[in-house]
Amino acid sequence: MSAAPSLSPSRRLLCGPGPSNVPASVLEAMQKPMLGHLDDEFHAILTEVVEMLAVIYQRSDGLTFPLSASGTAGMEAGIVSLVEPGETVVVGVGGFFGDRIAEAARRRGARVVEVRAEPGAHVSTEALLDAVQRNRGTALLAVVHAETSTGVRQPIEEVVQALSGSDVMVMADCVTSLGGTELRAQAWGIDYCFSCSQKCLGAPPGISPISLSPHALERIASRPGTALLYFDIELLARYWIERPVTYHHTVPVLQIYALHEALRLVLEEGLENRWERHARVGAYLQRELSERGFALLAEESYRLPQLTAVVVPEGVDGRAVQRRLVEEHGLEVGGALGSSAPPIWRIGLMGENASFEAVDYVLQALEAVVGGRRESRSRGSTTAVSGREGS
Ligand SMILES: Cc1ncc(COP(=O)(O)O)c(C=O)c1O
């Protein structure tokens, strides 16, 4: 085969569940001179990445650093590090990613107790605590802080507070929350958080920042050599934290430059300012959609601002709309994820895409493709857009 032509990908506004668009300076960071992964100059960069990540996770104790793999790796690393075959794991399942944690724990050989919620609802804190109580010796309770498949925020701080002082570890999937929604790993008492680079942090995909409490580190230290080699937290810490470094694997140098720049931008903006920007912009989108008569899947008090699940109106082909948004407007939005998911669009406003301009663009494109304003209940109409309005 002769060489393929060089790449010229189309420009898109990435308002799906991630990846989000990457700021220009993050892309530019990847064009800086390559250093070797064992170069002292590069290790200073690693240290800055770790320090900035710890601030963004809001943790000054324990251990915080990124894994060289996507968010799913952070999930799997947590399970293999904190759970032994035969141990009990309680998992809050409100959508696709809760199901995935349960599956990862089953593959580890754990006994999995699922506490389920309907799509669009959060998992009840009482039900989670009840499951822990009924399953004495539970090793780990795992929940999804921001369930990207439904747009629901899990009030994780309630469950961790109730379990504080117990032996039960708490793991939180923060893939869609880190850098976009309030998250205080240490103050809330979460033992293991994992996230990704490509959503609210605004870096390219392929990196999974994790953050562990001292309690989690003690558990890992008490079971040396039981995790997979690639996810061995203690060996990884010898590269990321200890100096001089000990080789573990060849890290993706340019991805780390990009992450460094993305984290710098988060802190330059201010973490709380960034949470607030996501909140304001997400609320604007949700208000405008509701006024146009679209029904939102997530229960109102637990809606994520950075990911809005919109019920596809009856009689509309959701996938065809997604295709036209890409082809005619260069706009990516997500569809339903998982076989049991109701027909929805998932609109992400993450990182630099959490802007009023992006919302206006999405609304105009939707209006052009799906049609004009729908009658909304809030304006006194009795015409529901779909049978699920108000769910
Ligand atoms: C809540 C949640 N958890 C885990 C993942 C998996 O992350 P990745 O696709 O980076 O492996 C995703 C990806 O979208 C997610 O949204």
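One residue is enough: does the stretch 224-244 have a residue meeting the conditions of a type in the set (Val, Ile, Thr), closer than 17 Å to Val50 by Cα and surrounded by fewer than 18 Cβ atoms within 10 Å (Cβ to Cβ)? Even if it seems obvious, please write down each step before you answer.
Filtering the stretch 224-244 down to residues of a type in the set (Val, Ile, Thr) leaves 226, 233, 241.
Narrowing the set further to residues that are closer than 17 Å to Val50 by Cα leaves 233, 241.
Among the residues that remain, those that are also surrounded by fewer than 18 Cβ atoms within 10 Å (Cβ to Cβ) are: 241.
Yes, the conditions are met somewhere in the stretch 224-244.
Taking Pro244, is it away from the ligand (no atom under 16 Å from the Cβ) and in contact with an Asp or Glu (Cβ under 7 Å, 6 or more places away or on another chain)?
No.
Of these, Leu163, Leu140, Leu183, Leu201, which one is under 22 Å from Val281 (Cβ atoms), in contact (Cβ under 8 Å) with a residue 12 or more places away in the chain, more than 12 Å from the ligand (Cβ to nearest atom) and of a type in the set (A, V, I, L, M)? Working first, answer last.
Values: Leu163 fails: under 22 Å from Val281 (Cβ atoms); Leu140 fails: under 22 Å from Val281 (Cβ atoms); Leu201 fails: more than 12 Å from the ligand (Cβ to nearest atom).
None of the others qualify; the one that does is Leu183.
If we scan the stretch 87-95, do we find a residue that is more than 16 Å from the ligand (Cβ to nearest atom) and assigned to a helix (DSSP H, G or I)?
no
Among the numbered conditions (1) out of contact with any helix residue (DSSP H, G or I) (no Cβ under 8 Å at 6 or more places or on another chain); (2) buried (at least 19 other Cβ atoms within 10 Å of the Cβ); (3) among the basic types (Lys, Arg), tell me where Arg134 comes up short.
(2)
Go through the stretch 323-351 and count every residue that is at pLDDT below 95 and of a type outside the set (A, V, I, L, M, F, W, C).
4
Filter the stretch 329-366 for residues that are in contact with a helix residue (DSSP H, G or I) (Cβ under 8 Å, 6 or more places away or on another chain) and part of a loop (DSSP other than H, G, I, E, B) and give the result.
If the condition is that a residue be in contact with a helix residue (DSSP H, G or I) (Cβ under 8 Å, 6 or more places away or on another chain) and part of a loop (DSSP other than H, G, I, E, B), then Val333, Gly335, Ala336, Leu337, Gly338, Ala341, Pro343, Leu349, Met350, Ala354, Ser355 are the ones that fit.
Going residue by residue through the stretch 315-322, is there one that turns out to be under 29 Å from Asn273 (Cα atoms), modelled with pLDDT of 95 or more and in contact with an Asp or Glu (Cβ under 9 Å, 6 or more places away or on another chain)?
Applying the first criterion (under 29 Å from Asn273 (Cα atoms)) to the stretch 315-322 yields none.
Looking through the stretch 315-322, none of the residues is under 29 Å from Asn273 (Cα atoms), modelled with pLDDT of 95 or more and in contact with an Asp or Glu (Cβ under 9 Å, 6 or more places away or on another chain).
Mind checking which helices (runs of 4 or more DSSP H) fall wholly inside the stretch 190-291 and carry at least 3 residues that are under 21 Å from Val359 (Cα atoms)?
Working: elements: 214-221, 233-240, 253-269, 271-291.
Once the helices (runs of 4 or more DSSP H) in the stretch 190-291 are filtered for at least 3 residues that are under 21 Å from Val359 (Cα atoms), what remains is 271-291.
Considering the stretch 143-160 alone, what residues qualify as being within 16 Å of the ligand (Cβ to nearest atom) and part of a helix (DSSP H, G or I)? Reasoning before the result, please.
The first filter runs over the stretch 143-160 and keeps only residues within 16 Å of the ligand (Cβ to nearest atom), leaving 143-156.
Result: Ile156, single match.
Residues to consider are Ser81, Ser70; find the one that is of a type in the set (Ser, Thr, Tyr), touching a residue at least 60 places away in the same chain (Cβ under 8 Å) and within 11 Å of the ligand (Cβ to nearest atom). Steps first, please.
Details: Ser81 fails: within 11 Å of the ligand (Cβ to nearest atom).
Just a single option satisfies the conditions, and that option is Ser70.
The values are calculated or read from the model by the stated rules, or taken from the named source; none is laboratory data. Small disclaimer: the values here were computed from a predicted structure and weren't measured. Glycine also receives a Cβ, built like all others from the backbone with ideal geometry; neighbour counts cover every protein chain displayed.
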